[in-house]
Amino acid sequence: MDDVGVKIKMILIMVALGGAVGSILRYLTSVWAVQYLGSAFPYGTLIVNVIGSFFIGLVLAMLETNILVSPHWRPLIMVGILGGFTTFSSFSLDTLNLLIQAQYLKAGLYLLLNVVLGLIAVSIGYFMLKH
């Protein structure tokens with residue numbers, strides 16, 4: 001196998017392992033939230049989304065400034081762990097990148113489309129089998 005193939009396999013392993021860790025952390029956070037905050041509101045999802053968004057911004061800054069984190073860890077941390085923890089953090093990062101690039105219209109459209117189309121998609125998926 002050539003060096004590119006080995007590199008891709010290593011990246012996929014890093015993403016998979018990170019995704020497993022992130023998913024476990026998401027589950028534990030949701031269990032904790034229900035246990036301590038109750039189930040009348042989706043606190044677990046809110047907490048996961050906010051924490052994930054914070055950490056993806058923090059890690060991005062660390063990667064861009066080479067503070068403590070080398071760019072080769074990006075697949076494990078950002079795609080794997082934080083992606084497994086919450087894809088909302090990726091959504092937040094994409095929006096931030098558009099804002100940083102002063103593409104305000106695109107950022108607003110991206111926000112609107114993600115929220116509206118996501119809600120439509122979950123509704124269609126639900127009601128396709130429910131009725």
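Shown for LYS7, LYS130, LYS106: other C-beta atoms within 10 Å of each C-beta, ranked fewest to most, produce the order LYS130, LYS7, LYS106.
If the chain linking ILE124 and MET10 were pulled fully straight, counting 0.36 nm for each residue of separation and taking away their Cα-Cα distance, it would gain 37.3 nm.
A straight Cα-to-Cα reach below 20 Å connects LYS106 with the aspartates and glutamates ASP94, residues fewer than 8 places away in its own chain not being considered. By the equivalent-ellipsoid construction on the alpha carbon gyration tensor, the stretch 38-131 comes out with semi-axes of 28, 18, 12 Å, ordered largest to smallest. For the stretch 31-40, the Karplus equation 6.51 cos²θ - 1.76 cosθ + 1.60, evaluated at θ = phi - 60°, returns couplings of 4, 4, 4, 5, 5, 9, 10, x, 10, 6 Hz by residue, with Gly and Pro reported as x. The angle between the Cα long axis of helix 104-130 and the longest principal axis of the Cα atoms of the chain comes to about 60 degrees, rounded to the nearest 10. Given +1 at the Cβ of Lys and Arg, -1 at the Cβ of Asp and Glu and no other charges, the dipole of the chain around its Cα centre is 240 debye to the nearest 20. Site pair PHE41 and VAL115 shows an inter-label distance of 1.7 nm when each label is modelled 7 Å from Cα along Cα→Cβ.
Here the stretch 3-86 has an Rg and Dmax of 14.9, 52 Å, counting Cα atoms alone.
Throughout, read-outs are computed from the coordinates displayed, never taken from laboratory work. These numbers come from a predicted model, not from an experiment. Please note: Cβ atoms are built from the backbone with ideal geometry, for glycine as well, and neighbour counts cover all protein chains shown.
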